[in-house]
Amino acid sequence: MRVLIVEDEVLIALHLTAMVEDLGHEVVDVATSASEAISAAATHCPDVALMDIRLSGDSSGIEAAGEMHARQGLRCIFLSANLDAATQRAILPYEPIAFVGKPVLPIALQRALHKADSTI
């Protein structure tokens, strides 16, 4: 499966990349902002995006997910340390595949990617 990682923390992005590849999937790109994510999704046509909800600056993972969903029907596995009810409701229109809490545990990522693989 082709995976786009959207994460603004470099060490977390590296860790996610290693975990995704260890699970046998291909990381097509790593984006650090909403605009980079939207561009990378258009360029690489991933099967799924691992989307950090809270990106640095004025960038929002929710906005990026919405744009990618509208343009390409791309669905996301959302990552956050704060998956409160309001955030989960805000994401529902974009048909999330899964929510994974941070720090991301390999087994949680494996389950979410398996779920994504069975839905595409």
Between Ala90 and Leu14, 0.36 nm times their residue separation minus their Cα-Cα distance comes to what? 24.6 nm
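What's the local net charge at Glu7, with K and R +1, D and E -1, over the other residues with C-beta under 10 Å away?
Working: positive: Lys102; negative: Asp8, Glu9, Asp52.
Result for the neighbourhood of Glu7: -2.
Please work out whether the chain counts as rounded, prolate or oblate from its C-alpha gyration tensor, where a ≥ b ≥ c are the square roots of the eigenvalues and a/c under 1.5 means rounded, while otherwise a/b larger than b/c means prolate and anything else oblate? Mind showing how you got there, number by number?
On the way: a/c = 1.18, a/b = 1.11, b/c = 1.06.
Rounded.
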Could you point to the residue in Ser118, Leu4, Met19 farthest towards the positive end of the chain's charge dipole, with +1 and -1 charges on the Cβ of Lys/Arg and Asp/Glu respectively? Ser118
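None of the figures in this text is laboratory data; all of them are computed from the coordinates on show. Everything numeric in this text was worked out from a predicted model, so none of it was measured. We place every Cβ from the backbone using ideal geometry, glycine too, and count neighbours over all the protein chains shown.
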